[in-house]
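The values are calculated or read from the model by the stated rules, or taken from the named source; none is laboratory data. Since the model is a prediction, treat every value here as computed from it, not as a measurement. We place every Cβ from the backbone using ideal geometry, glycine too, and count neighbours over all the protein chains shown. The protein model used for the area step is the full one, side chains on, heavy atoms only, and it has no ligands, DNA or RNA in it. Shrake-Rupley method; radii C 1.70, N 1.55, O 1.52, S 1.80 Å.
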Amino acid sequence: WFSNEVLPKINLSLEQPLTVQVVGKVESGTVQTLASEHIHLLGRVENLDEIYDQSRIFIAPTRYAAGIPHKVHEAAAHGLPCVATELIARQLGWADDEAILVGKDATEFAAQIVRLYQDEELWTKIRTGSLKKLSEDCAPDQFDATVARLLTA
């Protein structure tokens, strides 16, 4: 979905094509066909610090999932603002245009990435918002209180 429907829209809006680094499970033949000059399939990476340091934004184009998207938490902890699907934003409980940017379809997802990529003020706002939400949602005392509440329910 991202490589076929979103990335071409992004690259029409930017002076230079965006390069996307895909980290994680990339062994399937379907995923392997996505590799190109602008989509680098890195596979599993033990330490993502260098990749985070080289990146400007984090994208989470996840359309089907369950649970808590800790990959967004980790990226935010490294100072990367995120563009995600409605599903990811809902799982996080993060507000669009405050802590995250949300794309409801391919066109909006691409537009949100272009906005975040080009607008330094917006980039700073979303980065700050995501760090604030991260500190609220993942603080040890908040975690302990949630676990205690679940155990007594």
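Restricting to the stretch 111-149, what's the tally of residues that are aliphatic (A, V, I, L, M) and more than 20 Å from Lys71 (Cα to Cα)? If you could, list the steps in order and put the result at the bottom.
Of the stretch 111-149, the ones aliphatic (A, V, I, L, M) are 111, 113-114, 116, 122, 126, 131, 134, 139, 145, 147-148.
With the extra rule that they be more than 20 Å from Lys71 (Cα to Cα), the set shrinks to 111, 114, 122, 145, 147-148.
Number of matching residues: 6.
Which of (1) more than 21 Å from Trp1 (Cα to Cα); (2) open to solvent by 80 Å² or more (accessible area, probe 1.4 Å); (3) touching a strand residue (DSSP E or B) at 6+ places or on another chain (Cβ under 8 Å) is the odd one out, the single condition Glu98 does not satisfy?
Evaluating Glu98 over (1) more than 21 Å from Trp1 (Cα to Cα); (2) open to solvent by 80 Å² or more (accessible area, probe 1.4 Å); (3) touching a strand residue (DSSP E or B) at 6+ places or on another chain (Cβ under 8 Å) leaves (3) as the failure.
Can you tell me which residue is surrounded by the fewest Cβ atoms within 10 Å (Cβ to Cβ) among those in the stretch 38-90 that are over 23 Å from Cys138 (Cα atoms) and in contact with a Ser or Thr (Cβ under 8 Å, 6 or more places away or on another chain)?
The qualifying residue surrounded by the fewest Cβ atoms within 10 Å (Cβ to Cβ) is Arg63.
Taking the conditions exactly as written (in contact with a strand residue (DSSP E or B) (Cβ under 6 Å, 6 or more places away or on another chain) and free of Cβ contacts under 8 Å to residues at least 40 places away in the same chain), does Val20 satisfy them or not?
Values: in contact with a strand residue (DSSP E or B) (Cβ under 6 Å, 6 or more places away or on another chain): yes; free of Cβ contacts under 8 Å to residues at least 40 places away in the same chain: yes.
Considered against the rule, which asks whether it is in contact with a strand residue (DSSP E or B) (Cβ under 6 Å, 6 or more places away or on another chain) and free of Cβ contacts under 8 Å to residues at least 40 places away in the same chain, Val20 comes out as yes.
Pairs please, first residue from the stretch 85-102 and assigned to a loop (DSSP other than H, G, I, E, B), second anywhere and among the aliphatic types (A, V, I, L, M), Cβ atoms under 6 Å, 6+ apart in sequence or on different chains.
Close Cβ pairs (under 6 Å, with a partner that is among the aliphatic types (A, V, I, L, M)) amount to Trp94/Ile100.
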